[in-house]
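We did not get these values from a lab; they are worked out from the coordinates using the rules stated. What you are looking at is a predicted structure, and each value in this text was computed from that prediction instead of being measured. Methodologically, a virtual Cβ is constructed for each residue, glycine included, from the backbone with ideal geometry; neighbour enumeration extends over all protein chains shown.
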Amino acid sequence: MSAAVVDNGGWELSESGGSLYVGGAVNFDNFGAIRASGEQFIRDNGRLSVNFGRIEGANSVTVGLMLAWFREADLQGNSIVFVDVPRDLRNIIDFSGLSAVLPFESGALDDIVDHASEHDESD
């Protein structure tokens, strides 16, 4: 069963099976509201999986949101993992040097990219 945590027109946070789903666009105008809603969810839960598969676009504001939630989970003594992170968002994270900081769950896209890289190297 999925329950809407917050639906604010241009973005949505929803919970399903212990995972928090981020949907819509994250930008400077809605960052504070999304951050606060997510931090409350983090305080109310233990281990948390945050799924970014429903976001529209990727930018440094989204990376800032991930860092804020990672910090909040750490302060609460909770663990957090980010899943289904779109490739364009992962590219920003990689470029920023944050890949070793933010916890990701390996997914099918990572496997495809890793396999394609191995194929390119063997040619």
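Available extension along the chain between Phe31 and Val83 is 16.8 nm, counting 0.36 nm per residue and deducting the alpha carbon span. The gain in end-to-end length when the Phe95 to Arg47 segment is fully stretched comes to 14.5 nm, 0.36 nm per residue minus the alpha carbon separation. Which distance in nm do the two modelled labels at Ser16 and Arg54 give, with both placed 7 Å along the Cα-to-Cβ direction? So the label points at Ser16 and Arg54 sit 0.7 nm apart.
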